[in-house]
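Okay, structure first, notes after.
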Amino acid sequence: MNREEFIKKSLLLGVGAAYFPSIFLVCQKENGDSSAASLNYDGEVLIIGAGAAGLMAAYRLAQNQIRFRVLEASATFGGRVKKIQDFADFPIDLGAEWIHDEPTIFRDMIRNDQVDGSIDLIPYNPSEIKGWRNGKLRNHSFFSTFYSEYKFKSTTWYDFFEDFIVPTIGLNNMTFNSPVNEIDYSGNRVSVTTTNGTVYEADKVLVTASINVLQGGLISFMPALPQSKINALDEFYMPDGLKVFIQFSERFYPDMLLMQGLFSMLSDESEEKIYYDAAFKKDSNQNILGLFTVGPVASSFTNMNTEQELINAILAELDEIFEGKASHTYQKHIIQNWSKEPYVRGSYNFEGTSSAISEMLKGVDGKIYFAGEAISTSVQATVHGAGQSGFYQMEELVK
Ligand SMILES: Cc1cc2nc3c(=O)[nH]c(=O)nc-3n(C[C@H](O)[C@H](O)[C@H](O)COP(=O)(O)OP(=O)(O)OC[C@H]3O[C@@H](n4cnc5c(N)ncnc54)[C@H](O)[C@@H]3O)c2cc1C
(Lines give C-alpha, C1' and ligand atoms only; values in the text may rest on other atoms or scores of the structure.)
Protein backbone atom coordinates (compact mmCIF):
# COMPACT_ATOMS: atom_id res chain seq x y z
CA MET A 1 0.00 0.00 0.00
CA ASN A 2 1.41 3.41 -0.84
CA ARG A 3 0.89 6.51 1.30
CA GLU A 4 -1.99 7.90 -0.70
CA GLU A 5 -3.90 4.61 -0.61
CA PHE A 6 -3.29 4.37 3.12
CA ILE A 7 -4.56 7.87 3.83
CA LYS A 8 -7.68 7.39 1.72
CA LYS A 9 -8.38 4.04 3.35
CA SER A 10 -7.97 5.55 6.82
CA LEU A 11 -10.37 8.37 6.01
CA LEU A 12 -12.95 5.99 4.56
CA LEU A 13 -12.76 3.77 7.60
CA GLY A 14 -12.79 6.76 9.95
CA VAL A 15 -9.72 5.26 11.56
CA GLY A 16 -8.97 7.01 14.83
CA ALA A 17 -5.26 7.03 14.18
CA ALA A 18 -2.84 9.06 12.17
CA TYR A 19 -4.04 10.03 8.76
CA PHE A 20 -1.93 13.05 8.19
CA PRO A 21 0.65 12.66 5.48
CA SER A 22 4.13 11.30 5.81
CA ILE A 23 5.29 12.23 9.28
CA PHE A 24 1.96 11.00 10.57
CA LEU A 25 1.87 7.91 8.50
CA VAL A 26 1.03 4.73 10.33
CA CYS A 27 2.15 1.80 8.30
CA GLN A 28 0.34 -1.40 7.67
CA LYS A 29 2.40 -4.53 7.46
CA GLU A 30 1.52 -6.30 4.30
CA ASN A 31 4.21 -8.87 4.74
CA GLY A 32 3.31 -9.05 8.40
CA ASP A 33 5.75 -11.88 8.92
CA SER A 34 8.25 -11.51 11.68
CA SER A 35 9.84 -14.91 11.09
CA ALA A 36 13.16 -14.94 9.30
CA ALA A 37 14.15 -18.03 7.39
CA SER A 38 17.79 -18.98 7.74
CA LEU A 39 19.80 -18.32 4.62
CA ASN A 40 22.51 -20.41 3.00
CA TYR A 41 24.97 -18.90 0.59
CA ASP A 42 28.69 -19.40 0.30
CA GLY A 43 29.46 -16.50 -2.04
CA GLU A 44 30.50 -12.96 -1.15
CA VAL A 45 28.12 -9.97 -1.14
CA LEU A 46 28.80 -6.25 -1.45
CA ILE A 47 26.18 -3.87 -0.07
CA ILE A 48 26.22 -0.33 -1.44
CA GLY A 49 24.93 2.08 1.20
CA ALA A 50 24.72 1.94 5.00
CA GLY A 51 21.24 3.46 5.44
CA ALA A 52 18.38 1.51 7.00
CA ALA A 53 18.07 -0.82 3.98
CA GLY A 54 21.79 -1.58 3.71
CA LEU A 55 22.16 -2.04 7.47
CA MET A 56 19.23 -4.45 7.73
CA ALA A 57 20.53 -6.43 4.74
CA ALA A 58 23.97 -6.65 6.36
CA TYR A 59 22.37 -7.61 9.69
CA ARG A 60 20.63 -10.56 8.07
CA LEU A 61 23.78 -11.70 6.28
CA ALA A 62 25.80 -11.41 9.49
CA GLN A 63 23.22 -13.46 11.39
CA ASN A 64 23.55 -16.16 8.73
CA GLN A 65 27.35 -16.10 8.61
CA ILE A 66 27.33 -15.01 4.95
CA ARG A 67 30.41 -13.04 3.86
CA PHE A 68 29.73 -9.38 3.01
CA ARG A 69 31.12 -5.86 3.02
CA VAL A 70 29.19 -2.58 3.17
CA LEU A 71 30.54 0.31 1.07
CA GLU A 72 29.23 3.68 2.24
CA ALA A 73 29.81 7.00 0.47
CA SER A 74 29.70 9.16 3.58
CA ALA A 75 31.76 9.06 6.76
CA THR A 76 29.21 7.18 8.85
CA PHE A 77 26.25 4.80 8.74
CA GLY A 78 22.57 5.80 8.86
CA GLY A 79 21.92 7.63 5.59
CA ARG A 80 18.68 9.57 6.11
CA VAL A 81 18.84 8.45 9.74
CA LYS A 82 21.15 11.00 11.34
CA LYS A 83 21.43 12.65 14.75
CA ILE A 84 23.03 15.62 16.41
CA GLN A 85 23.92 15.07 20.05
CA ASP A 86 25.03 18.48 21.22
CA PHE A 87 22.66 21.02 19.72
CA ALA A 88 20.18 20.78 22.60
CA ASP A 89 19.88 19.03 25.96
CA PHE A 90 18.44 16.00 24.15
CA PRO A 91 19.67 14.28 20.95
CA ILE A 92 17.88 15.41 17.78
CA ASP A 93 16.98 13.36 14.70
CA LEU A 94 18.05 15.39 11.67
CA GLY A 95 16.31 12.96 9.32
CA ALA A 96 13.76 10.32 10.29
CA GLU A 97 12.27 11.16 13.69
CA TRP A 98 8.82 9.60 14.07
CA ILE A 99 8.03 5.93 14.47
CA HIS A 100 5.25 5.46 11.98
CA ASP A 101 4.00 2.23 13.45
CA GLU A 102 3.58 0.37 16.70
CA PRO A 103 6.71 -0.01 18.86
CA THR A 104 6.64 -3.74 18.08
CA ILE A 105 8.45 -2.87 14.85
CA PHE A 106 11.68 -2.82 16.86
CA ARG A 107 11.43 -6.42 17.91
CA ASP A 108 10.33 -7.30 14.36
CA MET A 109 13.46 -5.61 13.01
CA ILE A 110 15.80 -7.15 15.57
CA ARG A 111 13.91 -10.41 15.90
CA ASN A 112 14.15 -10.26 19.65
CA ASP A 113 11.03 -10.13 21.84
CA GLN A 114 12.98 -8.73 24.79
CA VAL A 115 13.85 -5.48 23.10
CA ASP A 116 10.63 -3.43 23.32
CA GLY A 117 11.00 -2.58 27.00
CA SER A 118 14.51 -1.23 26.60
CA ILE A 119 13.61 1.48 24.06
CA ASP A 120 12.35 4.62 25.73
CA LEU A 121 9.47 6.03 23.67
CA ILE A 122 7.09 8.98 23.88
CA PRO A 123 3.47 8.56 22.83
CA TYR A 124 3.44 11.49 20.43
CA ASN A 125 0.01 13.14 20.58
CA PRO A 126 0.33 16.92 20.28
CA SER A 127 -2.73 18.61 21.76
CA GLU A 128 -2.31 22.22 20.63
CA ILE A 129 -2.39 22.13 16.85
CA LYS A 130 -2.71 25.34 14.83
CA GLY A 131 -2.85 26.09 11.15
CA TRP A 132 -1.60 29.21 9.31
CA ARG A 133 -3.66 30.03 6.29
CA ASN A 134 -4.46 33.22 4.38
CA GLY A 135 -2.73 35.32 7.02
CA LYS A 136 -4.67 33.84 9.95
CA LEU A 137 -3.75 31.49 12.75
CA ARG A 138 -6.51 28.90 13.10
CA ASN A 139 -7.15 26.34 15.78
CA HIS A 140 -6.95 22.73 14.59
CA SER A 141 -6.61 21.14 18.01
CA PHE A 142 -9.65 18.92 17.36
CA PHE A 143 -7.29 16.97 15.11
CA SER A 144 -5.39 15.65 18.10
CA THR A 145 -8.33 13.28 18.69
CA PHE A 146 -7.44 11.46 15.50
CA TYR A 147 -3.74 11.41 15.88
CA SER A 148 -1.23 9.54 17.99
CA GLU A 149 2.06 7.86 17.22
CA TYR A 150 5.51 7.52 18.75
CA LYS A 151 8.88 9.22 19.03
CA PHE A 152 12.07 8.33 20.86
CA LYS A 153 12.37 10.01 24.25
CA SER A 154 16.05 10.18 25.11
CA THR A 155 17.53 8.42 22.07
CA THR A 156 17.07 8.56 18.28
CA TRP A 157 16.62 6.34 15.23
CA TYR A 158 20.41 6.52 14.82
CA ASP A 159 20.92 5.15 18.34
CA PHE A 160 18.57 2.29 17.54
CA PHE A 161 20.86 1.17 14.69
CA GLU A 162 24.02 1.89 16.66
CA ASP A 163 22.86 -0.09 19.70
CA PHE A 164 20.94 -2.99 18.20
CA ILE A 165 22.00 -3.54 14.58
CA VAL A 166 25.57 -2.33 14.00
CA PRO A 167 27.21 -4.48 16.73
CA THR A 168 26.04 -7.64 14.90
CA ILE A 169 27.22 -6.29 11.53
CA GLY A 170 30.60 -5.15 12.92
CA LEU A 171 32.09 -1.76 12.04
CA ASN A 172 35.06 -3.62 10.56
CA ASN A 173 32.72 -4.95 7.86
CA MET A 174 31.85 -1.44 6.69
CA THR A 175 34.07 0.80 4.59
CA PHE A 176 33.18 4.50 4.81
CA ASN A 177 34.06 7.44 2.53
CA SER A 178 33.73 5.08 -0.43
CA PRO A 179 31.29 6.39 -3.05
CA VAL A 180 30.73 3.71 -5.69
CA ASN A 181 30.63 5.07 -9.22
CA GLU A 182 30.83 1.94 -11.34
CA ILE A 183 29.42 -1.57 -11.12
CA ASP A 184 30.65 -3.97 -13.78
CA TYR A 185 28.70 -7.22 -13.84
CA SER A 186 29.81 -8.40 -17.28
CA GLY A 187 32.05 -11.15 -15.87
CA ASN A 188 31.45 -14.11 -13.57
CA ARG A 189 31.99 -11.91 -10.55
CA VAL A 190 30.91 -8.31 -10.05
CA SER A 191 33.54 -5.62 -9.96
CA VAL A 192 32.70 -2.43 -8.03
CA THR A 193 34.81 0.71 -8.32
CA THR A 194 34.73 3.70 -5.97
CA THR A 195 35.49 7.31 -6.88
CA ASN A 196 38.91 6.99 -5.24
CA GLY A 197 39.75 4.16 -7.66
CA THR A 198 39.54 1.21 -5.25
CA VAL A 199 38.09 -1.92 -6.86
CA TYR A 200 36.11 -4.50 -4.86
CA GLU A 201 34.93 -7.85 -6.15
CA ALA A 202 31.96 -9.94 -5.06
CA ASP A 203 29.56 -12.58 -6.37
CA LYS A 204 26.48 -10.45 -5.80
CA VAL A 205 25.82 -6.77 -5.11
CA LEU A 206 22.93 -5.07 -3.31
CA VAL A 207 22.44 -1.39 -4.23
CA THR A 208 20.51 0.69 -1.67
CA ALA A 209 21.23 4.21 -2.97
CA SER A 210 18.23 6.57 -3.02
CA ILE A 211 16.01 7.01 -6.06
CA ASN A 212 17.56 10.40 -6.84
CA VAL A 213 21.08 8.97 -6.70
CA LEU A 214 20.05 6.19 -9.09
CA GLN A 215 18.03 8.44 -11.40
CA GLY A 216 20.90 10.94 -11.38
CA GLY A 217 23.22 8.28 -12.81
CA LEU A 218 25.82 8.56 -10.02
CA ILE A 219 26.46 4.84 -10.39
CA SER A 220 27.09 3.51 -13.90
CA PHE A 221 26.34 -0.12 -14.66
CA MET A 222 28.25 -2.22 -17.17
CA PRO A 223 26.42 -3.55 -19.09
CA ALA A 224 23.63 -0.96 -18.77
CA LEU A 225 20.63 -2.02 -16.68
CA PRO A 226 17.81 -3.67 -18.68
CA GLN A 227 15.32 -1.21 -20.19
CA SER A 228 12.52 -2.63 -17.98
CA LYS A 229 14.52 -1.62 -14.90
CA ILE A 230 15.26 1.85 -16.30
CA ASN A 231 11.55 2.37 -17.10
CA ALA A 232 10.55 1.24 -13.60
CA LEU A 233 13.11 3.56 -12.01
CA ASP A 234 11.68 6.49 -13.97
CA GLU A 235 8.31 6.05 -12.25
CA PHE A 236 9.58 7.07 -8.83
CA TYR A 237 9.61 10.66 -7.61
CA MET A 238 11.68 11.93 -4.69
CA PRO A 239 11.17 15.67 -4.08
CA ASP A 240 13.22 18.07 -1.99
CA GLY A 241 13.36 17.80 1.79
CA LEU A 242 14.66 19.89 4.67
CA LYS A 243 14.70 19.95 8.45
CA VAL A 244 15.67 22.90 10.62
CA PHE A 245 15.86 23.18 14.40
CA ILE A 246 15.88 26.56 16.11
CA GLN A 247 16.44 27.36 19.77
CA PHE A 248 14.49 30.29 21.23
CA SER A 249 14.58 31.83 24.68
CA GLU A 250 10.76 31.64 24.85
CA ARG A 251 8.18 29.11 23.77
CA PHE A 252 5.79 31.22 21.70
CA TYR A 253 4.65 28.43 19.37
CA PRO A 254 2.06 25.62 19.72
CA ASP A 255 2.82 21.88 19.84
CA MET A 256 2.35 21.83 16.09
CA LEU A 257 1.79 24.43 13.38
CA LEU A 258 0.56 23.32 9.96
CA MET A 259 1.55 25.66 7.15
CA GLN A 260 -1.07 24.50 4.71
CA GLY A 261 -4.76 23.65 4.94
CA LEU A 262 -5.64 20.27 6.38
CA PHE A 263 -7.45 19.20 3.26
CA SER A 264 -4.72 20.25 0.88
CA MET A 265 -2.32 18.25 3.03
CA LEU A 266 -4.56 15.24 2.80
CA SER A 267 -5.16 15.52 -0.92
CA ASP A 268 -1.55 16.16 -1.90
CA GLU A 269 0.71 14.51 0.58
CA SER A 270 3.80 15.14 -1.52
CA GLU A 271 3.84 18.69 -0.11
CA GLU A 272 4.28 19.30 3.57
CA LYS A 273 5.45 22.08 5.78
CA ILE A 274 5.10 21.78 9.52
CA TYR A 275 6.64 23.55 12.49
CA TYR A 276 6.59 21.48 15.68
CA ASP A 277 7.82 21.60 19.25
CA ALA A 278 10.82 19.27 18.98
CA ALA A 279 11.17 19.13 22.77
CA PHE A 280 7.59 17.92 23.20
CA LYS A 281 7.52 15.40 26.10
CA LYS A 282 11.34 15.15 26.14
CA ASP A 283 13.29 15.74 29.35
CA SER A 284 14.34 19.20 28.28
CA ASN A 285 14.46 22.72 29.66
CA GLN A 286 14.99 24.24 26.24
CA ASN A 287 12.68 25.70 23.61
CA ILE A 288 13.50 23.91 20.36
CA LEU A 289 11.26 24.41 17.35
CA GLY A 290 11.54 22.00 14.42
CA LEU A 291 10.66 22.67 10.79
CA PHE A 292 9.91 19.68 8.61
CA THR A 293 9.19 20.28 4.95
CA VAL A 294 9.15 18.17 1.78
CA GLY A 295 8.00 18.67 -1.80
CA PRO A 296 7.80 21.85 -3.87
CA VAL A 297 7.18 23.91 -0.70
CA ALA A 298 10.52 22.67 0.57
CA SER A 299 12.29 23.60 -2.67
CA SER A 300 11.94 27.32 -2.01
CA PHE A 301 14.13 26.74 1.06
CA THR A 302 16.42 23.95 -0.19
CA ASN A 303 17.40 25.99 -3.26
CA MET A 304 18.53 29.03 -1.30
CA ASN A 305 22.21 29.80 -1.76
CA THR A 306 23.29 30.45 1.79
CA GLU A 307 22.33 29.23 5.22
CA GLN A 308 21.89 32.84 6.36
CA GLU A 309 19.36 33.49 3.60
CA LEU A 310 17.47 30.38 4.64
CA ILE A 311 17.32 31.10 8.36
CA ASN A 312 16.35 34.72 7.65
CA ALA A 313 13.43 33.51 5.51
CA ILE A 314 12.27 31.13 8.25
CA LEU A 315 12.51 33.76 10.99
CA ALA A 316 10.63 36.26 8.80
CA GLU A 317 7.86 33.71 8.26
CA LEU A 318 7.61 32.98 12.00
CA ASP A 319 7.73 36.70 12.83
CA GLU A 320 4.73 37.30 10.60
CA ILE A 321 2.76 34.59 12.40
CA PHE A 322 3.93 35.33 15.95
CA GLU A 323 4.26 39.13 15.86
CA GLY A 324 8.05 39.40 15.76
CA LYS A 325 8.72 36.97 18.62
CA ALA A 326 10.93 34.69 16.52
CA SER A 327 13.72 37.19 15.74
CA HIS A 328 13.36 38.66 19.19
CA THR A 329 13.95 35.36 21.05
CA TYR A 330 16.16 33.54 18.48
CA GLN A 331 19.29 31.90 19.94
CA LYS A 332 20.73 29.42 17.39
CA HIS A 333 19.78 26.98 14.65
CA ILE A 334 20.88 23.93 12.71
CA ILE A 335 19.87 23.18 9.12
CA GLN A 336 19.82 19.73 7.54
CA ASN A 337 19.25 20.21 3.83
CA TRP A 338 18.67 16.67 2.52
CA SER A 339 18.49 17.89 -1.07
CA LYS A 340 22.10 19.00 -0.82
CA GLU A 341 23.41 15.77 0.70
CA PRO A 342 25.44 14.52 -2.28
CA TYR A 343 24.49 10.83 -1.82
CA VAL A 344 20.83 11.32 -0.86
CA ARG A 345 19.64 14.30 -2.94
CA GLY A 346 16.12 14.76 -1.63
CA SER A 347 13.53 13.55 0.89
CA TYR A 348 11.85 10.24 0.11
CA ASN A 349 9.79 8.62 -2.57
CA PHE A 350 6.18 9.54 -3.43
CA GLU A 351 5.46 7.55 -6.57
CA GLY A 352 5.96 4.12 -8.09
CA THR A 353 3.30 1.55 -8.89
CA SER A 354 3.43 -1.92 -7.40
CA SER A 355 4.56 -3.21 -10.78
CA ALA A 356 7.49 -0.76 -10.77
CA ILE A 357 8.40 -1.94 -7.28
CA SER A 358 8.22 -5.61 -8.36
CA GLU A 359 10.42 -4.83 -11.34
CA MET A 360 12.99 -3.08 -9.14
CA LEU A 361 13.03 -6.04 -6.76
CA LYS A 362 13.99 -8.49 -9.52
CA GLY A 363 17.66 -9.41 -9.64
CA VAL A 364 19.67 -8.47 -12.74
CA ASP A 365 21.58 -11.40 -14.21
CA GLY A 366 21.52 -13.09 -10.79
CA LYS A 367 24.14 -10.58 -9.63
CA ILE A 368 22.70 -7.10 -9.03
CA TYR A 369 19.84 -6.41 -6.59
CA PHE A 370 18.16 -3.27 -5.28
CA ALA A 371 16.56 -2.32 -1.94
CA GLY A 372 15.55 0.89 -0.14
CA GLU A 373 12.58 2.86 1.12
CA ALA A 374 11.16 3.54 -2.34
CA ILE A 375 10.80 -0.13 -3.18
CA SER A 376 9.59 -1.40 0.17
CA THR A 377 6.64 -3.75 -0.17
CA SER A 378 5.34 -2.89 3.32
CA VAL A 379 5.51 0.90 3.48
CA GLN A 380 7.58 3.38 1.47
CA ALA A 381 9.16 6.53 2.87
CA THR A 382 9.90 5.14 6.32
CA VAL A 383 12.89 3.75 8.17
CA HIS A 384 11.31 0.43 9.01
CA GLY A 385 9.97 0.09 5.44
CA ALA A 386 13.51 0.63 4.13
CA GLY A 387 14.85 -1.86 6.65
CA GLN A 388 12.24 -4.42 5.71
CA SER A 389 13.20 -4.01 2.07
CA GLY A 390 16.89 -4.73 2.72
CA PHE A 391 16.19 -7.57 5.11
CA TYR A 392 13.79 -9.44 2.78
CA GLN A 393 15.72 -8.75 -0.40
CA MET A 394 18.44 -11.01 1.00
CA GLU A 395 16.12 -13.99 0.41
CA GLU A 396 15.92 -13.11 -3.28
CA LEU A 397 19.67 -12.53 -3.44
CA VAL A 398 20.71 -15.93 -2.07
CA LYS A 399 18.33 -17.89 -4.32
C1 LIG B 1 13.49 15.03 6.23
C2 LIG B 1 13.13 13.59 6.38
C3 LIG B 1 12.27 13.20 7.41
C4 LIG B 1 11.92 11.85 7.55
N5 LIG B 1 11.11 11.50 8.61
C6 LIG B 1 10.87 10.19 8.82
C7 LIG B 1 10.21 9.78 10.01
O8 LIG B 1 9.89 10.60 10.85
N9 LIG B 1 10.01 8.45 10.19
C10 LIG B 1 10.38 7.51 9.26
O11 LIG B 1 10.16 6.30 9.47
N12 LIG B 1 11.02 7.89 8.11
C13 LIG B 1 11.28 9.19 7.88
N14 LIG B 1 11.98 9.57 6.77
C15 LIG B 1 12.30 8.57 5.75
C16 LIG B 1 13.47 7.68 6.14
O17 LIG B 1 14.51 8.47 6.65
C18 LIG B 1 13.95 6.93 4.89
O19 LIG B 1 12.84 6.28 4.29
C20 LIG B 1 14.99 5.87 5.20
O21 LIG B 1 15.91 6.29 6.18
C22 LIG B 1 15.72 5.53 3.89
O23 LIG B 1 16.64 4.48 4.09
P24 LIG B 1 17.39 3.85 2.83
O25 LIG B 1 18.36 2.86 3.35
O26 LIG B 1 16.40 3.40 1.83
O27 LIG B 1 18.15 5.07 2.13
P28 LIG B 1 19.28 6.04 2.69
O29 LIG B 1 19.04 6.36 4.10
O30 LIG B 1 19.37 7.16 1.70
O31 LIG B 1 20.59 5.16 2.63
C32 LIG B 1 21.32 4.97 1.44
C33 LIG B 1 22.79 5.06 1.79
O34 LIG B 1 23.52 4.82 0.59
C35 LIG B 1 24.62 5.70 0.54
N36 LIG B 1 25.00 5.85 -0.87
C37 LIG B 1 24.29 6.46 -1.85
N38 LIG B 1 24.95 6.37 -3.01
C39 LIG B 1 26.08 5.69 -2.77
C40 LIG B 1 27.19 5.31 -3.57
N41 LIG B 1 27.24 5.62 -4.87
N42 LIG B 1 28.20 4.62 -3.00
C43 LIG B 1 28.17 4.29 -1.67
N44 LIG B 1 27.15 4.64 -0.86
C45 LIG B 1 26.11 5.35 -1.40
C46 LIG B 1 24.12 6.98 1.16
O47 LIG B 1 25.18 7.79 1.63
C48 LIG B 1 23.23 6.43 2.28
O49 LIG B 1 23.95 6.28 3.50
C50 LIG B 1 12.40 10.90 6.63
C51 LIG B 1 13.27 11.29 5.62
C52 LIG B 1 13.64 12.61 5.49
C53 LIG B 1 14.60 13.01 4.41
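Counting just the residues of region 58-111 that are of a type in the set (D, E, K, R) and part of a helix (DSSP H, G or I), which one comes out farthest from the ligand (Cβ to nearest atom)?
Once the filter is applied, the top-ranked residue is Arg107.
State yes or no: is Ile311 within 16 Å of the ligand (Cβ to nearest atom) and closer than 24 Å to Pro91 by Cβ? Show your work before the answer.
On the way: within 16 Å of the ligand (Cβ to nearest atom): no; closer than 24 Å to Pro91 by Cβ: yes.
No.
Determine the pairs where a residue that is farther than 11 Å from Leu46 by Cβ, located within region 190-201, has a partner that is assigned to a strand (DSSP E or B) and at pLDDT below 95 with Cβ atoms under 7 Å apart, the partner being 6 or more residues away or on another chain.
Between residues of region 190-201 that are farther than 11 Å from Leu46 by Cβ and residues that are assigned to a strand (DSSP E or B) and at pLDDT below 95, there is no close pair.
Kindly establish whether Ala374 is of a type in the set (A, V, I, L, M, F, W, C), without any contact (Cβ under 8 Å) to a residue 60 or more places away in the chain, in contact with a Gly (Cβ under 9 Å, 6 or more places away or on another chain) and within 16 Å of the ligand (Cβ to nearest atom). Working first, answer last.
Numbers: of a type in the set (A, V, I, L, M, F, W, C): yes; without any contact (Cβ under 8 Å) to a residue 60 or more places away in the chain: no; in contact with a Gly (Cβ under 9 Å, 6 or more places away or on another chain): yes; within 16 Å of the ligand (Cβ to nearest atom): yes.
Criteria not met by Ala374.
For (1) under 13 Å from Trp338 (Cα atoms); (2) buried (at least 16 other Cβ atoms within 10 Å of the Cβ); (3) touching a Gly at 6+ places or on another chain (Cβ under 9 Å); (4) of a type in the set (S, T, N, Q), each residue gets a yes or a no:
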site: Gly290; (1), (2), (3), (4): no, yes, no, no
site: Thr293; (1), (2), (3), (4): yes, yes, yes, yes
site: Pro296; (1), (2), (3), (4): no, no, no, no
site: Thr302; (1), (2), (3), (4): yes, yes, yes, yes
site: Gln308; (1), (2), (3), (4): no, no, no, yes
site: Ala313; (1), (2), (3), (4): no, no, no, no
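Pull up region 196-210, narrow it to residues that are touching a helix residue (DSSP H, G or I) at 6+ places or on another chain (Cβ under 6 Å) and within 14 Å of the ligand (Cβ to nearest atom), then point me to the one that is farthest from Tyr369 (Cα to Cα).
Result: Thr208.
From the list Phe221, Phe252, which residue is within 12 Å of the ligand (Cβ to nearest atom) and more than 24 Å from the chain's Cα centre (by Cα)? Give the derivation first.
On the way: Phe252 fails: within 12 Å of the ligand (Cβ to nearest atom).
Being within 12 Å of the ligand (Cβ to nearest atom) and more than 24 Å from the chain's Cα centre (by Cα) holds for just one of Phe221, Phe252, which is Phe221.
Give the residues of region 342-399 that are over 21 Å from the mean Cα position of the chain (by Cα) and either under 18 Å from Leu218 (Cα atoms) or polar (S, T, N, Q) (or both), sorted by residue number.
The answer is Ser355, Ile368.
If I ask for residues that are touching a residue at least 40 places away in the same chain (Cβ under 8 Å), in a strand (DSSP E or B) and within 13 Å of Met256 (Cα to Cα), which ones from region 128-148 would you list?
Once the filter is applied, which keeps residues that are touching a residue at least 40 places away in the same chain (Cβ under 8 Å), in a strand (DSSP E or B) and within 13 Å of Met256 (Cα to Cα), region 128-148 yields Ile129, Lys130, Gly131, Trp132, Leu137.
Which one of these does Glu182 not meet: (1) closer than 26 Å to Ala58 by Cβ; (2) out of contact with any Phe, Trp or Tyr (no Cβ under 9 Å at 6 or more places or on another chain); (3) not in a loop (DSSP other than H, G, I, E, B); (4) not aliphatic (A, V, I, L, M)?
(2)
Identify, from the list Val213, Val180, Val192, the residue that is surrounded by 19 or more Cβ atoms within 10 Å (Cβ to Cβ), under 19 Å from Gly352 (Cβ atoms) and within 11 Å of the ligand (Cβ to nearest atom). Break it down into steps so the answer makes sense when it comes.
On the way: Val180 fails: under 19 Å from Gly352 (Cβ atoms); Val192 fails: under 19 Å from Gly352 (Cβ atoms).
Result of the check over Val213, Val180, Val192: Val213.
Would you check which residues across region 34-48 are in a loop (DSSP other than H, G, I, E, B) and either touching a strand residue (DSSP E or B) at 6+ places or on another chain (Cβ under 7 Å) or acidic (Asp, Glu) (or both) and list them?
Passing the criteria: Asp42, Gly43.
The values are calculated or read from the model by the stated rules, or taken from the named source; none is laboratory data. Every value quoted in this text rests on a predicted model; they were computed, and no experiment measured them. FYI the Cβ positions are ideal-geometry reconstructions off the backbone, even for glycines, and counts take in every protein chain you see.
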